Every structure is written in structure tokens, then in C-alpha cells.
Amino acid sequence: MKNKLYKQVDKYILDRLKEGDKKCAKRSYKHFERTAYWVKKLKPNTDEALLIAAIGHDAERIFREKVLYGKGESVIATDKIKYHQEKGAEIVCKFLEDCLADKGIVSKVYELISKHEVGGTEEQNILMDADSISFLENNVDHFLNKKVQEQGKQNIREKFDWMYNRISSDSAKEIAKPYYEDAIKRLNKI
């Protein structure tokens, strides 16, 4: 069955999200789902490992063991990004190992998720770009309605700028541009 592992990871992520806050689960899953959607748009012939990485890239947030950001702290702190990427990769890969997935797929998924915030290889960049597009498409309301109060307007501006400016391809930047411009316009009205 094509993409059998992807479907298992998708269900695993959705089930874990449903265990928490329903509103947060809906918003988070939409981001995960749209990241996979944008990966397929940016690379139509993508393989299952990249799709698994897309649906599971932010797994660390579902299983968060500690608060990463203090009130007013920058939401793009390098040490926290590194932890987020590596912990998310560990979570998804542990699940894949429990499913007896091929070691090659597990290894590739780890390499993709563990660099999804910073990119590097062509596929890591595709995942990073898809994550940015989906973030700007789906997460802006949450940041404007909740995170501005917690982190401050300047930190949220930095987050929006970072999510847009890290996009590596011109085609992905073109897709993200209207979402980014709308986010900045709305932030400036606060």
C-alpha cells in the first residue's frame, strides 16, 4: 500500500493532538497537514520520507516536555530551534521504529525533521519552505491573538520576518508573500 507509513504517522500525530486542547489541536493539525500539502506542491514527485517529515515536523510541540520560551523572549532563539528540531525528529523516528519501518526511511526522516527550521539539503529546504508557507497561511491568527501578548510585538515581527526570509526558493517565496504581507499589515494595526 502506497504511503502506508505516512498514513500511520498522520494518524499518530492526529491522535496525540486530540488528547490535548481541541482548539489547539485543530490549528496545529491544519499547519501539519498544509505543510505536507505545500511539500507536494513544491516537489510533486516527493517520496514517503519527505511526506512523513512534513506531517510530523513539529512533533516536539505536541509532546512538549518543557517551556521553551519565557515571556518576552525571542521566538527564534537558535538553541531552542535546535532542541525543537532534534526532539521532534526523535519522537517521529521512535514511532517509525516501533512500526518496524525501514532503517533508511527512519534515517532520512530524522535528517529532514532535525533540520526543518534551518534547511541545508534540497529536501530539507523544501520542508523548511513548506513549513514557512503553512505557518504564514495558518498560524498568524494565533500569534496575533495570543503570542503578541506573551512575547511582545517586536518578537512576533521578528518571527514573521524570519519565517518569510528563511524561504530558500523564489517560487515558495512568491506563494508565501501575500500571507506574509497580510501578517505584517495586521501586526502593525495592533
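The values are calculated or read from the model by the stated rules, or taken from the named source; none is laboratory data. Note that this is a predicted model, so its numbers are computed, not measured. Here Cβ is always computed from backbone atoms with ideal geometry, including for glycine, and neighbour counts include all displayed protein chains. Just so you know, the surface numbers come from the protein's heavy atoms only, side chains and all, with ligands and any DNA or RNA stripped out. Shrake-Rupley method; radii C 1.70, N 1.55, O 1.52, S 1.80 Å.
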| said: So, D58, is that one open to solvent by less than 30 Å² (accessible area, probe 1.4 Å) and either out of contact with any Pro (no Cβ under 6 Å at 6 or more places or on another chain) or farther than 15 Å from G88 by Cβ (or both) or not? | reply: yes
| field | G72 farther than 19 Å from L136 by Cα, at pLDDT below 80 and of a type outside the set (A, V, I, L, M) | value | yes
| request: Go through the stretch 115-141 and give me each residue that's exposed (fewer than 15 other Cβ atoms within 10 Å of the Cβ) and outside any loop (DSSP other than H, G, I, E, B). | output: E122, D141
| field | Hits in the stretch 158-190 - residues which are open to solvent by less than 40 Å² (accessible area, probe 1.4 Å) and more than 24 Å from G120 (Cα to Cα) | value | A183, I184, L187
| request: Sort through K80, K41, K94, K108 and tell me the only one that's under 23 Å from N165 (Cβ atoms), outside any loop (DSSP other than H, G, I, E, B), at pLDDT 95 or above and not hydrophobic (A, V, I, L, M, F, W, C). | output: K41
| query | Does the stretch 119-129 include one or more residues that are among the acidic types (D, E), over 12 Å from the mean Cα position of the chain (by Cα) and at pLDDT below 95? | reply | no
